[in-house]
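Scroll down for the structure; my scribbles are underneath it.
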Amino acid sequence: MSGTTTNAAPNPVASDLIGSGVEGGLGDQIRAWWQRVRGGDMGALPAVGGLIVLSLLFTILSPFFLTERNFANLLNQAAPLVVLGMALVFVLLLGEIDLSAGVTGGVGMALFVVLNSQFGIPWPIALLAGFGFGFLTGALIGFFVARVGIPSFVVTLGLFLGYQGLALVIIGPGGLFRIEVPELIALQNGNLPVWAGWVMLVVILAISAGTSFWDRARRTKAGVPNRAISLVFIKLAVIAVLGGIFVFVLNQNRGQSVNEVAGVPIIVPVVLLILWIGTFALDRTKFGRYVYAIGGNAEAARRSGVKVRWIKWWAFVICSSLAVAAMLFSVARVGSVDATVGRDIVLSGVAAAVVGGVSLFGGRGRLMHAAIGALVIAVITNGLGLLNLPAGVNLLVTGGVLILAATVDALSRLRSGGAMRV
């Protein structure tokens, strides 16, 4: 039977759906995941394995590592690096880099503390000025990279050097300002009430369930296959069990005096909120799909109608703005701001993303991967500190882990047929 077949136009709803890979039951998902791993796409698997091995190793070597007090301290210690790593993911996915992210956040904090302490400007407005500086810096980088065509390495290296001088001008040589805002200090030094930790877990479960069923409804409406619903309940069960253990441990009294110290650190829900918003943007919006498309093949994305320049511009804006948030968490932990804030952390942020499985070549990685990589680096720093080893050993180990992670990334791209850049 012959005739002309007319294909229906692509469903606009289907084009907006999150890519979920091979559909099917649990067995199908496991087989699909194993095929991806064999093809070189290991994602965060090496980082998760490294995190488990390092945790077991330091638990054996130090009796203080696996304690409630150190666990809470580790979360506070890792928070700035987690957020900075997530910030850098937005530009790394494009195959770009931002070496100025740390000092951008440092200058933003310098502006905030000087405006608040010396000029008496209310702290919310002063803090908004600091974030505004981050936004403008990202816009400037995006302009030079996307519009002028200067490599991001050169632009951000120049700002990395220049902003160190700007911080000295704002703060003054050897200057140090204390943060006199209890609300900000509490971000890294306060804890939720015991009951609020359980409420946080319920909210996480509700958001996860709502997002999952919303995705399923959209896919059903568009006529796109769904995964087995049992996978949704398995995911929720895993979150409930692990989250319950997490909250229970942190709700134990970890004080060393008559004053009780218990509860989930305040910084935890704040970082989780940033992680959820960023993941939603990358997974469930056109902006996110365009970021991955440009990182995979910028020219192909441009020819298909993607406004590459605008996507790059916004990616650098988001990166610099989140970098200010990361440095806010950093200075809130120590309670002061000086001219050196942000100088040394940016390379650790890049390392966190790469260790977690984000590709330096663009187009592959997730915010969760950067968060896991940051936890790996934080565990190394924390564990070696408990063993009273010199800071040089910490740098050597972190550098070795980064080289290993970058090697795994390069080899996995070769195995999956990707082309290495020279």
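The values are calculated or read from the model by the stated rules, or taken from the named source; none is laboratory data. Since the structure is predicted, the reported quantities are computational estimates derived from the model, not experimental observations. Every residue, glycine among them, receives a Cβ derived from its backbone with ideal geometry; neighbour counts consider all protein chains shown. Remember, those area values only see protein heavy atoms, side chains included, never the ligands or the DNA or RNA. Shrake-Rupley method; radii C 1.70, N 1.55, O 1.52, S 1.80 Å.
Here's the yes/no breakdown for (1) under 30 Å from A339 (Cα atoms); (2) in contact with a helix residue (DSSP H, G or I) (Cβ under 7 Å, 6 or more places away or on another chain); (3) polar (S, T, N, Q); (4) without any contact (Cβ under 8 Å) to a residue 24 or more places away in the chain:
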position: L166; (1), (2), (3), (4): yes, yes, no, no
position: G172; (1), (2), (3), (4): yes, no, no, no
position: P182; (1), (2), (3), (4): yes, no, no, yes
position: N191; (1), (2), (3), (4): yes, no, yes, no
position: A206; (1), (2), (3), (4): no, no, no, yes
position: L236; (1), (2), (3), (4): no, yes, no, no
position: G243; (1), (2), (3), (4): no, yes, no, no
position: V261; (1), (2), (3), (4): no, no, no, no
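Name every residue in the range 212-244 that is more than 23 Å from G27 (Cβ to Cβ), assigned to a helix (DSSP H, G or I) and at pLDDT below 90, in order of residue number.
If the condition is that a residue be more than 23 Å from G27 (Cβ to Cβ), assigned to a helix (DSSP H, G or I) and at pLDDT below 90, then W214, A217, R218, K221 are the ones that fit.
Could you count how many residues in the range 322-348 are part of a helix (DSSP H, G or I) and either at pLDDT 90 or above or over 17 Å from S100 (Cβ atoms) (or both)?
Here the count works out to 13.
Tell me which residues, restricted to the range 180-204, are under 27 Å from the mean Cα position of the chain (by Cα) and not in a helix (DSSP H, G or I).
The answer is V181, G190, N191, L192, P193.
Any chance you could count how many residues in the range 98-144 are part of a loop (DSSP other than H, G, I, E, B) and under 21 Å from W313 (Cβ atoms)?
Of the residues in that region, 3 qualify.
For V107, which of the numbered conditions (1) within 23 Å of V261 (Cβ to Cβ); (2) surrounded by 24 or more Cβ atoms within 10 Å (Cβ to Cβ) fails to hold?
(1) is the only condition that V107 fails.
Tell me yes or no: at least one residue of the range 83-100 is among the small types (G, A, S), over 22 Å from L273 (Cβ atoms) and either without any contact (Cβ under 8 Å) to a residue 24 or more places away in the chain or buried (at least 24 other Cβ atoms within 10 Å of the Cβ) (or both).
yes
When A281 is evaluated against the numbered criteria (1) open to solvent by 40 Å² or more (accessible area, probe 1.4 Å); (2) closer than 21 Å to K312 by Cβ, which criterion, by number, is the only one it fails?
Exception for A281: condition (1).
If A14 meets every condition in (1) open to solvent by 50 Å² or more (accessible area, probe 1.4 Å); (2) at pLDDT below 60; (3) part of a helix (DSSP H, G or I) apart from one, which number is that one?
Result: A14 passes all but (1).
For the condition farther than 30 Å from T67 by Cα, of a type in the set (V, I, T) and touching a strand residue (DSSP E or B) at 6+ places or on another chain (Cβ under 9 Å), what is the one hit in I141, I179, I171, I150?
I171
Would it be correct to say that V264 is open to solvent by less than 40 Å² (accessible area, probe 1.4 Å), over 14 Å from the mean Cα position of the chain (by Cα), among the aliphatic types (A, V, I, L, M) and within 19 Å of V82 (Cα to Cα)?
yes
May I ask you to say which residue of G142, G165 is open to solvent by less than 10 Å² (accessible area, probe 1.4 Å) and either among the charged types (D, E, K, R) or on the phi < 0 side of the Ramachandran plot (or both)?
Only one candidate passes the filter, namely G142.
Report, by residue number, each residue of the range 149-162 that is in a helix (DSSP H, G or I) and open to solvent by less than 80 Å² (accessible area, probe 1.4 Å).
Residues satisfying the conditions are S152, V155, T156, L157, G158, L159, F160, G162.
Within the range 245-259, count every residue that is assigned to a helix (DSSP H, G or I), without any contact (Cβ under 8 Å) to a residue 60 or more places away in the chain and surrounded by 12 or more Cβ atoms within 10 Å (Cβ to Cβ).
Number of matching residues: 3.
Given the conditions (1) out of contact with any Lys or Arg (no Cβ under 9 Å at 6 or more places or on another chain); (2) among the hydrophobic types (A, V, I, L, M, F, W, C); (3) open to solvent by 30 Å² or more (accessible area, probe 1.4 Å); (4) assigned to a helix (DSSP H, G or I), and given that F177 satisfies all but one, which numbered condition is not satisfied?
(4)
Kindly evaluate W214 against the criterion of being out of contact with any Leu (no Cβ under 9 Å at 6 or more places or on another chain) and within 28 Å of A78 (Cβ to Cβ).
So W214 fails the test.
Can you name the residue in the range 55-73 that is among the aliphatic types (A, V, I, L, M) and surrounded by fewer than 20 Cβ atoms within 10 Å (Cβ to Cβ) and, of all such residues, is farthest from G342 (Cα to Cα)?
That would be I60.
What about N189, is it open to solvent by 70 Å² or more (accessible area, probe 1.4 Å) and at pLDDT below 95?
Yes; evaluated as a whole, the condition is true for this residue.
Mind counting the residues in the range 293-338 that are farther than 20 Å from V181 by Cβ, open to solvent by less than 10 Å² (accessible area, probe 1.4 Å) and more than 19 Å from the chain's Cα centre (by Cα)?
Of the residues in that region, 2 qualify.
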